[in-house]
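The values are calculated or read from the model by the stated rules, or taken from the named source; none is laboratory data. No experiment lies behind these values; they were computed from the predicted model shown. Every residue, glycine among them, receives a Cβ derived from its backbone with ideal geometry; neighbour counts consider all protein chains shown. With ligands, DNA and RNA removed, areas are computed over all heavy atoms of the protein, side chains included. Shrake-Rupley method; radii C 1.70, N 1.55, O 1.52, S 1.80 Å.
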Amino acid sequence: MKKNISLDIKKAACFLEAGAVKAFEPKVKAAQKALEEGTCPGNDFLGWLHLPTSITPEFIAEIEQAAAVLREKCEAVVVAGIGGSYLGARAVIEALSNSFAWLVADKKNPTILFAGNNIGEDYLSELTEYLKGKKFGVINISKSGTTTETALTFRLLKKQCEEQMGKEEARKVIIAVTDAVKGAARTCADKEGYKTFVIPDNVGGRFSVLTPVGLLPIAVAGFDIKALVEGAQVMEKACGKDVPFEENIAAQYAAVRNGLYQAGKKIEIVVNYQPKLHYFSEWWKQLYGESEGKDQKGIFPAAVDFTTDLHSMGQWIQEGERTIFETVISIEEPNRTLLFPSDEENLDGLNFLAGKRVDEVNKMAELGTRLAHVDGGVPNMRISVPKLDAYYIGQLIYFFEIACGISGNLLEVNPFNQPGVEAYKKNMFALLDKPGYEADSKAIKERLAKEQ
């Protein structure tokens, strides 16, 4: 029987008063009950809660069949989406891929590219240059089809794909992941005859990695979505509402981070010691930042890649303002083995490491850093992951999702909306003279004129 991911809170709980974590139990139970019964704010976006156990083998087979078409026909596949529409997929793909995939000749899997998440003209121009002469497909992920970054990118890619492959062939390699019945992306997909998958109405973008939003790109990349879903299913049960508080790692995590927040720790830094987890941290930042940063409240989510960032951010973390705590994601067993060699001259003085696995050096760096940071006044939690594979990434995804829902309810905000995201869009549309924004356009231009 496989082990589950585990959580060690001892080096964080010691910064709180005795019994402080246990005191959160009734609040956590109430928060999770509100999720289960749909009585919390944002209860129309709880479709992720039991999503893993609702996924059927037939649904996975449909995803894999669509992925197989792209894998067969395409040298490259561009995932067009922003925020929750791409970060989850990228997090999983980057975690499971060869670190040097760009340089490794891989004839089995298409190159996965990401776009529609920025408006960088150089980026998009360079992307279209790279795709010239290549057989490529597009997974367009947008519920509305009008999100500026993604819609702009998709228009460019659609035109290029049709010009290079012909309209009929392009129809076979463009897939829309969108709303079931409405929106520009749905209208376009129906008109052009694209294969489509539905983004459930009750699942918000940042919670959507276990829907076709994430599963399709991950399958196209050649990874085992059955194992990913299985891991999430196991964690759904392990973090269920009837699991005792002391055994429920999501409940424990939510309790400790909220206890630290109340004690003045306003910033949570997620730490990894594996470069492959960089984009997993980016996904985590969106999940918690967009869910909790409301009503002038919320822990600020940050992330670092250690040991790399110990040589940049390490000084601040060790001795800066004591408003931070860390959550370390630790991979117990790497997928590869590399032994450190001996050197006769030993000019670097590292022969004491000869014969050791590189991971042993990394693990001692991790332990030494945690001890130093705790001594420096930084509470530390540690999430232990047996192995970096699809099954355990699935566990991590659901663990962080359910803990986020509980934590948001403890904070007494709506964890499932994002009204603040609309502020920049309103200004941008006004500045671009988008139809319907005439009054806003006039007001913002008058304001800018006064500020000059």
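Distance from the alpha carbon centroid of the range 199-231 to that of the range 37-79 works out to 4 angstrom. Quick one, what does Rg over Rh come out to for the chain if you take C-alpha atoms and the Kirkwood Rh? In the chain, Rg relative to Rh is 0.99. Overall, the accessible surface of the range 367-452 at a probe of 1.4 angstrom is composed of carbon and sulfur to the extent of 54 percent. Taking the range 164-198 and a reference point 7 angstrom along Cα→Cβ of GLU72, the backbone N atoms nearer than 20 Å belong to 165-176, 193-197.
Between the range 294-367 and the range 105-152, the C-alpha centres lie 33 angstrom from each other. Size of the range 233-313 from its Cα atoms: along the principal axes, largest to smallest, the extents are 43, 32, 21 Å. Each Lys and Arg contributes +1 and each Asp and Glu -1, all at the Cβ; summed about the Cα centre of the range 396-450, the dipole is approximately 340 debye. Of all DSSP beta bridges in the chain, what percent run antiparallel (nearest 5)? About 10 percent, rounded to the nearest 5. Using a probe of 1.4 Å on the protein chains alone, the accessible area found for PHE340 is around 60 Å².
In straight-distance terms, cross-link reach from LYS426 covers every one of the aspartates and glutamates whose alpha-carbon lies under 13 Å from its own, apart from those fewer than eight places away in the same chain; here that gives GLU438, ASP440. Were the residues from ALA423 through ILE119 laid out at 0.36 nm apart, the gain over their Cα-Cα distance would be 107.7 nm. Quick one: pull the percent of accessible area on the range 1-81 belonging to carbon and sulfur, 1.4 Å probe, ligands and nucleic acids left out. Exposed carbon and sulfur together represent 56 percent of the surface. Note that the range 107-149 presents 51 Å² accessible area per residue, ligands and nucleic acids not counted, probe 1.4 Å.
Treating r as the C-beta distance of SER342 and ALA227 and R0 as 35 Å, the FRET efficiency rounds to 0.35. Between SER99 and GLU37, the simple spin-label model (points 7 angstrom out along Cα→Cβ) gives 5.0 nm. Under the convention that each Lys and Arg Cβ holds +1 and each Asp and Glu Cβ holds -1, the size of the dipole of the chain around its Cα centre is about 820 debye. Summary value for the chain: 23 percent relative contact order, contacts being C-alpha pairs under 8 angstrom separated by 6+ residues. For the range 155-297, give the percent of accessible area contributed by carbon and sulfur heavy atoms, probe 1.4 Å, rounded to a whole number. Ligands and nucleic acids excluded, carbon and sulfur reach 52 percent.
Per residue, the Cα convex hull of the range 190-337 amounts to 191 Å³. Between LYS2 and GLU58, the modelled label-to-label distance comes to 2.5 nm, taking each label 7 Å out from Cα in the direction of the beta carbon.
Heavy atoms of the protein chains alone define the surface here; on that basis the range 159-233 has 37 Å² accessible area per residue at 1.4 Å probe size. For ASP440 and THR187, the FRET efficiency from 1/(1 + (r/R0)^6), where r spans their Cβ atoms and R0 equals 22 Å, is about 0.25. Non-local lysine pairs in the range 224-368, meaning eight or more places apart or on different chains, with alpha-carbon distances under 29 Å, amount to 27. Taking 56 Å as R0, compute the FRET efficiency from the Cβ-Cβ separation of LEU448 and LEU350 and round it to 0.05. Approximately 0.45, to the nearest 0.05.
Just how many pairs of Lys in the range 1-126 have C-alpha atoms closer than 19 Å, counting pairs that are eight or more places apart or on different chains?
Values: LYS10/LYS22; LYS11/LYS22; LYS22/LYS33; LYS73/LYS107; LYS73/LYS108.
Lysine pair count for the range 1-126: 5.
At a probe radius of 1.4 angstrom, the accessible area of the range 301-452 per residue rounds to 53 square angstrom. Projecting the Cα atoms of VAL413, ALA439, GLN452 onto the charge dipole of the range 401-452, computed from C-beta unit charges around the Cα centre, puts GLN452 farthest toward the positive end.
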